[in-house]
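The values are calculated or read from the model by the stated rules, or taken from the named source; none is laboratory data. Remember, it's a predicted structure, so these values are computed and weren't measured experimentally. Virtual Cβ from ideal backbone geometry, glycine too; neighbours counted across all protein chains shown.
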Amino acid sequence: MRQLLTIFGFSLRRGLRKQSFWLSNVIMMVLILILCLIPFLQNLRGQGSGEGSRPESVTAEDLMEAERQAVNRVGTCYYIDELGQIPEGISALSRVMPSYTFIQGSAGNLELYKSKAADDGSVSIIIVTAPESGSTLSVPGITIINRDIFNGMDESTIKDALSRQYISHVMGRYGAKSDLTQLLEIQLPTDVELATELDMSGYILGFAITLLTFYVVWYYGGTIATSIADEKASNIMESLVASASPGKILWGKMLAMEVLAVLQFMLIMGFGVMCFELLVPENYRIMGMRLSMDMITTDRVVMILVGLLMGFVLYAMMNAFCGAAVKREEDVHSIMLPVGFIASLSLLIGVLCAIGAVSDTSLPGLIAGYFPLISPFYLPFMILKGDVNPVSWGISIVVMMVAAILVAVFAQRFYKQAVSVGSVGQKKGRKR
Amino acid sequence: MSLKVDKLSKRLSSKVKLEKISFEMTKPGIFGIIGESGSGKTDLIRMILNLIPPEEGTVSFNEAPIIPGDISVGYLPEKRGLYMKSDVLEQLVYFAMLRGMNKRAAVKSARNLLARLGMSDLEQVLVERLDKDEREKVQFLTSIVHEPKLILLDEPFRTANPRVITELMDLMKELAAEGRYIVMASKEIEVAEACCENLVILYKGKPVIAGNLKEIKHAYGHTNLVLAADVDVTDTAIDFGMELIEKRPLESEFRIQGDEMAQTLLEHMVSQGFHPTKYEIREPSLQEIYLSTIGGQTK
């Protein structure tokens with residue numbers, strides 16, 4: 001134990017003395033300060049909460065309208081109804097989608113319209129197709145062609161408008177009075193209220209803290225790898241293994257890097273919270289959505305830290321394996337590529353699952369929540385959104401701990417093999 | 001207290017096998033393991049330290065096996081390595097504490113040793129700023145800072161600087177006088193001759209010469225004459241049946257067949273009016289003994 005603490009203390013002091021440690025802290029703090037100064041300065045200039053003229057509650061219609069305006073400012077749609085199955089279909093669509101320009105198209109030019117749509121996301125095509133043979137209802141169908149899932153027209157709006165237009169037309173053919181058919185065009189007034197005020201903070205902070213977690217796990221884990229490779233290359237290793245067991249050397253380093261990682265994490269996070277509390281005005285909003293630090297509670301910080309510790313051990317041991325596998329420090333970065341790839345992919349999956357709000361019991365949710373390589377980058381987000389219950393969190397931590405122990409056992413054995421002093425004669429024999 | 005190495009053997013390569021190396025140090029002193037590169041010195045040291053397992057044989061110090069990390073053992077590896085970004089004192093204290101010393105004792109010991117080598121002003125200097133000789137000395141000190149009883153040194157005099165060699169040799173002799181058991185592996189036969197009481201010389205893993213240095217040399221008798229005079233007496237010496245070993249700028253060394261031969265030459269020189277400025281009858285150097293021994297092995 002004494003040896004472990006000696007190695008831990010020495011490695012920690014070396015890490016604390018590194019210029020890069022303090023420089024990175026300072027740079028991060030400056031960036032946070034600049035971010036927090038923006039609302040502060042806005043407030044000083046009398047813009048109040050910055051977005052104070054916005055209404056307290058935002059309706060779903062407002063959001064849809066904003067989204068529509070943001071996405072569909074200019075659009076063109078080719079409308080093809082060769083058989084005239086939905087008379088005045090273009091007019092019906094123009095009423096509900098005024099920002100679009102509807103052009104009567106012909107089936108013969110479909111390929112031309114498709115190539116335009118492929119080139120330009122604001123171009124779409126609506127085709128009214130003949131009823132399917134054998135169908136009991138004998139109603140026309142609607143085909144909408146957009147460029148991709150991110151561009152184009154909204155299916156439900158088109159379907160709703162053309163369906164009502166078609167029914168109105170059929171009813172008129174059957175002798176329904178016009179005031180009856182006009183009833184079809186009415187939309188009942190709808191108002192959406194939110195039980196709570198939408199708070200973006202969980203998303204913003206969750207994203208920021210997940211990125212910070214990734215950074216400390218990756219950077220400090222990598223530091224272990226370079227430290228091991230450096231000791232091997234500089235021949236200090238023989239003096240070390242003659243003095244202490246390889247396992248103690250490895251764990252001593254790892255613990256030191258873990259403390260540095262947590263220290264940097266807490267410094268940056270603490271500074272961020274302090275700047276927010278001091279500089280950002282109360283009730284500050286971004287796009288009408290409130291920003292606050294209410295979700296940062298002691299228990300959540302503890303949960304995030306425990307997850308960070310487990311995730312760090314896991315990735316650190318993988319990086320220790322990399323460091324022990326090379327003979328020269330300059331080779332470390334190449335061999336760390338697979339671990340870096342795994343970490344980056346895990347970050348991406350974790351964040352996407354968290355932002356996408358997948359259910360805990362869905363397959364993506366289960367994978368992100370319990371797969372030990374992904375959960376360090378998924379849990380902080382979910383914890384800050386308030387979407388993790390203690391039991392699920394506990395299970396994730398236990399799974400990470402078991403995985404970390406297994407990887408540590410394997411890494412330690414490999415490290416011991418890699419750094420053990422071999423016979424000079426036999427090494428020379430191998431070279432021959 | 002004693003160090004006992006009993007029949008250590010290990011195949012090192014297709015051509016070299018350490019064969020039944022045995023020696024014992026029953027009292028403090030300096031024991032030399034001498035040999036050319038590839039003779040197995042480093043592997044022997046590592047086997048003594050239990051860093052690599054032998055195929056046969058045992059090692060014990062104080063009647064117990066040696067455990068790596070034991071505070072009573074110090075080791076200077078052949079491949080030197082120091083933390084460049086740490087200062088000298090911190091580094092010495094670290095290695096002392098790794099071996100089990102407490103911090104206060106480690107600092108005291110490190111400072112004492114630095115003072116002994118005149119390096120007190122380098123305590124707070126980063127290792128990367130030291131010159132090569134200073135780093136050699138610091139590396140040496142890492143092996144003894146924790147005050148071990150048994151010290152194993154692999155090529156301690158690698159540096160070519162004679163002043164540093166002298167300093168380290170004096171330090172080793174002081175340590176031996178203080179009661180330490182020192183085992184030194186080296187290629188430098190002259191250096192071994194200067195400080196080792198007992199030694200073993202390896203050639204391709206086999207011990208070719210072993211034992212007390214004085215006794216080894218006595219066994220060869222007085223076979224050399226070192227002669228210097230105002231005139232060149234080489235031809236005269238050869239005429240008297242001597243064999244020229246080496247002609248140096250200020251003297252010559254000859255092989256003689258006994259003291260009488262040397263005496264006869266001296267009488268002749270005096271009778272001719274030549275007075276030698278140096279006349280020394282001595283035993284052969286260890287180097288000569290070694291070369292004559294392996295000369296037989298290589299034939």
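Structure above, values below:
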{"read-out": "Residue count for the range A:317-360, restricted to those that are of a type in the set (Asp, Glu) and under 17 Å from the mean Cα position of the chain (by Cα)", "value": "1"}
{"read-out": "Test: residue in the range A:181-201 that is closer than 30 Å to A:Met97 by Cα, in contact with a helix residue (DSSP H, G or I) (Cβ under 6 Å, 6 or more places away or on another chain), part of a helix (DSSP H, G or I) and at pLDDT below 85", "value": "yes"}
{"read-out": "Top-ranked residue in the range A:21-39 [being touching a helix residue (DSSP H, G or I) at 6+ places or on another chain (Cβ under 9 Å) and under 18 Å from A:Val216 (Cα atoms); ranked as farthest from the other protein chains (Cβ to nearest Cβ)]", "value": "A:Ile32"}
{"read-out": "Qualifying residue in the range A:104-114 (condition: modelled with pLDDT under 90 and of a type in the set (Phe, Trp, Tyr))", "value": "no"}
{"read-out": "From B:Gly295, B:Gly258, residue being farther than 30 Å from B:Glu188 by Cβ and of a type outside the set (Ser, Thr, Tyr)", "value": "B:Gly258"}
{"read-out": "Scan of the range A:355-370 for residues that are closer than 19 Å to A:Val399 by Cα and in contact (Cβ under 8 Å) with a residue 24 or more places away in the chain, ordered by number", "value": "A:Asp360, A:Gly369, A:Tyr370"}
{"read-out": "Test: residue in the range B:112-129 that is buried (at least 16 other Cβ atoms within 10 Å of the Cβ) and at the interface with chain A (Cβ under 9 Å from one of its Cβ atoms)", "value": "no"}
{"read-out": "Failed condition for A:Ser292, given (1) surrounded by 17 or more Cβ atoms within 10 Å (Cβ to Cβ); (2) modelled with pLDDT of 90 or more; (3) closer than 19 Å to A:Leu41 by Cα", "value": "(2)"}
{"read-out": "Selected residue [touching a helix residue (DSSP H, G or I) at 6+ places or on another chain (Cβ under 8 Å), modelled with pLDDT of 85 or more and aliphatic (A, V, I, L, M)] from A:Leu384, A:Leu379", "value": "A:Leu379"}
{"read-out": "Residues of the range B:64-100 satisfying the condition of being more than 10 Å from every other protein chain (Cβ to nearest Cβ) and touching a residue at least 60 places away in the same chain (Cβ under 8 Å)", "value": "B:Ile66, B:Ser72"}
{"read-out": "Single condition A:Ala343 does not satisfy, out of (1) in a helix (DSSP H, G or I); (2) modelled with pLDDT under 80", "value": "(2)"}
{"read-out": "Selection status of B:Ser143, in contact (Cβ under 8 Å) with a residue 40 or more places away in the chain and under 11 Å from the mean Cα position of the chain (by Cα)", "value": "no"}
{"read-out": "Of all residues in the range A:115-125 being at pLDDT 90 or above and hydroxyl-bearing (Ser, Thr, Tyr), the one that is surrounded by the most Cβ atoms within 10 Å (Cβ to Cβ)", "value": "A:Ser124"}
{"read-out": "Failed item in (1) more than 30 Å from B:Glu128 (Cβ to Cβ); (2) modelled with pLDDT of 90 or more, with B:Ile66 passing the rest", "value": "(2)"}
{"read-out": "Complete set of residues in the range B:117-158 that are under 24 Å from B:Glu178 (Cα atoms), among the basic types (Lys, Arg) and assigned to a helix (DSSP H, G or I)", "value": "B:Lys137"}
{"read-out": "Check on B:Glu24, modelled with pLDDT under 90, in contact with a Ser or Thr (Cβ under 8 Å, 6 or more places away or on another chain) and not aromatic (Phe, Trp, Tyr)", "value": "no"}
{"read-out": "Of all residues in the range B:10-48 being within 10 Å of another protein chain (Cβ to nearest Cβ) and basic (Lys, Arg), the one that is surrounded by the fewest Cβ atoms within 10 Å (Cβ to Cβ)", "value": "B:Lys15"}
